[in-house]
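The values are calculated or read from the model by the stated rules, or taken from the named source; none is laboratory data. Worth saying up front: this structure is predicted, and the values here are computed from it rather than measured. Here the Cβ positions follow ideal geometry from the backbone for every residue, glycine too, while neighbour counts run over all protein chains shown. All accessible areas refer to the heavy atoms of the entire protein, side chains included, with ligands and DNA or RNA removed. Shrake-Rupley method; radii C 1.70, N 1.55, O 1.52, S 1.80 Å.
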Amino acid sequence: MNYTLGSHIKSVKDVETFFHHIVFERKVNFHPDDSFEQYVSLNTQEPTFTSEECKIYDRLMDESFVICEKEGVDIYEIGLEKLQIALEIKTA
């Protein structure tokens, strides 16, 4: 998936797809409250995202919060589920 200036989050499914992209395609252990400017490679200490990507991703995260609040869905649960799957963490 390639997110651009024209990309928008319009549904909970879009939030799930966006989070899947971050975790599985970009391989980032993220938190919805953090700006994408904060992420750096552990190996190189270089930024994980370009400044353009940070602007796009931060806006998409803001849109994700709006959609989840509107739909009564816990945004943190969506993120946690994606991370648990990626890290193969078994829950009860």
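Would you confirm whether any residue within region 50-63 is open to solvent by less than 90 Å² (accessible area, probe 1.4 Å), in contact (Cβ under 8 Å) with a residue 24 or more places away in the chain and touching a His at 6+ places or on another chain (Cβ under 9 Å)?
Yes.
If Glu16 satisfies every condition in (1) free of Cβ contacts under 8 Å to residues at least 60 places away in the same chain; (2) not in a loop (DSSP other than H, G, I, E, B) but one, which is the exception?
(1)
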